[in-house]
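Working notes, structure below.
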Amino acid sequence: MSYQEKHRPQLHFTPKENWINDPNGLVYYEGEYHLFYQRNPNANDHADMHWGHATSTDLYHWEEHGIALAPDELGTIFSGSAVVDKNNTSGLFENGSGGLVAIFTHDGESQQQSIAYSKDKGRTWTKYEGNPVIPNTKIKDFRDPKVSWHEDSEQWVMVLACGDHIQFYGSPNLINWTYLSSFGKEYPSHIGVWECPDLLYLPVENSSKKEWVLIVSINDDGPNGGSAVYYFTGSFDGKEFHPNEKSEDALKWADTGKDFYAAVSWDNTEDTYWIGWMNNWQYAGVVPVSPWRSAMSLVRKMSLNEVGGDLFLKQEPIITDNNKEVISYQNIDIQTDTTKSYGISDTGQVNLQISKTSASTKWGMKFVTDQNEVFCLELNKAEDTYTLYRTEGLTDFSEDFPEEIKGSLHGLDVQELQAIIDRSSVEIFLNKGLSVSTNLIYPKGTVVQLEIFTVNEALQIENITCTNLNSIWK
């Protein structure tokens, strides 16, 4: 049955069939959130890149559409972005009206930046006859344009991935672009290629401040191996980005899991939302699913939070299920070396509110299947880490898949924990998304039980909420 295959996500966007990767062209326009994405409509591997298309009214339920952009004489269609040209700066729309403009990479003899425009809410697209708008003859990896309007300098600003650094371009009209500056050659990591940049202006919670954030995806050398997303906070003056982080030790990872990559944000929204590709280039082509391959993460609302004088991304998942089944438990005491168990769904979420823990507290939770497979999350305050043990279930398709996946607690007590389980993934959000870990799992059975344990000290939990979520495909 369609959308009910083994390991098919029920809470995350997947195409009906065939390959997808990076989210592209994220834009909100006239009541719809558009999700374009890298797409091979003919096979289950990374080849023959098109832009696929889906829309949503709530960032949770999605409707898949047909191909938006297809290859042409300039090459296949690699990643990019889309904006609302509401003032018709491009002159591509009649009578001064605005519309949608997509900015993308043509991957041919070299990688070049091109544009297309839509006059019917993104359903059909016309490629600009003067493409490419930014030609390239020198840089091998020259791709993934992310464009937004910069109010202070009154121009469109593009951030572009250039192998081992980011380049900034400015334009008054989305057609004529001027090089502004470069950033990043002095920063690691350069083991992998820099990809899918984004430039955000985010509020700092509990203050009136906002700060610029430069997003960079790197296709190798992530904190747990392979693909990952890191970010810099700082200032942007319309020409140059100036980071707060001054050394490689200050690099910040947006998600320390194995399976969150190429994340970019929506244009034309009041709050800032983003989504990532839920996979890793180490094994993306061999994950044991069919007839589709790959999913998107849940959408997340973004902000910044100050911790110990430093700024960290905060990501809160968007779930809009009006018919969910919720079961709550209050005031639970778990003694040392004991476990308490609760029935859960393999398409649901678990929320914990924790009383203050001491410096030595080591505790966690296990997601257990009806075939006694265990996926364990362990939190160790003394070491300031959390670890997801992904060593059971189907793992033999790649030596890089079975892992003990670690992340940082940023020196904080874990007071709130949210875990979202969806047949072939677990997304962990600690302290309302200050620490995040997204990971694929492929259990042979079905997750049916939650076990909460403590190792060396009693644990007091104020509240446990287990929520069964309905499929977004019903």
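Calculate one ³J(HN,Hα) per residue across segment 153-167 by plugging θ = phi - 60° into the Karplus curve 6.51 cos²θ - 1.76 cosθ + 1.60, and present them in order as whole Hz with x for glycine and proline.
Each residue's phi maps through the Karplus curve to give 9, 6, 7, 6, 10, 10, 9, 10, 7, 10, x, 10, 6, 10, 10 Hz.
Using alpha-carbon positions, what is the distance between the centroids of segment 49-107 and segment 199-217, in Å?
Spelled out, the Cα-based centre of one part sits 26 Å from the other.
Which lysines, on any chain, are close to Lys210 with Cα under 22 Å apart, when same-chain ones fewer than 8 places away are left out?
Lys146, Lys239, Lys246, Lys252, Lys301, Lys314, Lys432
Could you please report the charge total around Arg39, scoring K, R as +1 and D, E as -1 over all other residues with beta-carbon less than 13 angstrom from its beta-carbon?
Taking every Cβ under 13 Å from that of Arg39, the sum is -3.
Using alpha carbons only, how many angstrom separate the centre of segment 418-474 from the centre of segment 264-294?
Computed from Cα coordinates, the inter-centre distance equals 20 Å.
Of the options Leu394, Ile441, Leu377, report the single residue whose Cα projects farthest towards the positive end of the charge dipole of segment 325-468 (beta-carbon charges: Lys, Arg +1; Asp, Glu -1).
Leu377
Would you please classify the overall shape of segment 178-223 from the alpha carbon gyration tensor, given that a ≥ b ≥ c denote the square roots of the eigenvalues, rounded means a/c under 1.5, and beyond that prolate means a/b larger than b/c while oblate covers the rest?
Oblate is the answer for segment 178-223, as a/c is 1.5 or above yet b/c matches or exceeds a/b.
Can you tell me how segment 1-81 classifies by the Cα gyration tensor, rounded, prolate or oblate, using a/c under 1.5 as the rounded cut?
Because a/c hits 1.5 or more and a/b fails to exceed b/c, segment 1-81 counts as oblate.
Enumerate the calculated ³J(HN,Hα) couplings along segment 458-467 in order (Karplus 6.51 cos²θ - 1.76 cosθ + 1.60, θ = phi - 60°), each rounded to whole Hz, writing x wherever the residue is Gly or Pro.
4, 10, 10, 10, 6, 7, 10, 10, 10, 10
Through the Karplus equation 6.51 cos²θ - 1.76 cosθ + 1.60, θ set to phi - 60°, convert the phi angles of segment 363-372 into ³J(HN,Hα) values in whole Hz; use x for Gly and Pro.
Each residue's phi maps through the Karplus curve to give 8, x, 9, 10, 9, 10, 9, 6, 10, 6 Hz.
Scan segment 164-207 for GluC sites (Glu not before Pro) in coil per DSSP, keeping those whose Cβ has at most 15 other Cβ atoms within 10 Å, and list them by number.
Counting only loop positions with at most 15 other Cβ atoms within 10 Å, the GluC sites (Glu not before Pro) in segment 164-207 are Glu186, Glu205.
If you work out semi-axes √(5λ) of the Cα gyration tensor in Å from the coordinates, which of (1) 43, 23, 21; (2) 38, 25, 20; (3) 42, 27, 21 do you get?
Correct label, based on the coordinates given: (2).
Tally Lys and Arg at +1 and Asp and Glu at -1 over the other residues with C-beta under 11 Å from the C-beta of Ala82: what net charge comes out?
Around Ala82, the surrounding residues sum to -1.
If you average the alpha carbon positions of segment 1-46 and of segment 141-188, how far apart do those two centres end up, in angstrom?
27
Run the numbers on the chain and let me know its relative contact order in percent, using alpha-carbon pairs under 8 Å that are six or more apart.
The value is 14 percent.
Excluding residues fewer than 8 places away in the same chain, name every one of the lysines whose C-alpha is closer than 17 Å to that of Lys444.
Correct list for Lys444: Lys6, Lys366.
Can you tell me how segment 270-378 classifies by the Cα gyration tensor, rounded, prolate or oblate, using a/c under 1.5 as the rounded cut?
oblate
Quick note: the coordinates plus some simple rules give every number you see, no bench work behind them. It should be emphasised that the depicted structure is a prediction, and the values quoted were computed from it without experimental measurement. Cβ atoms come from the backbone with ideal geometry, glycine included; neighbour counts cover every protein chain shown.
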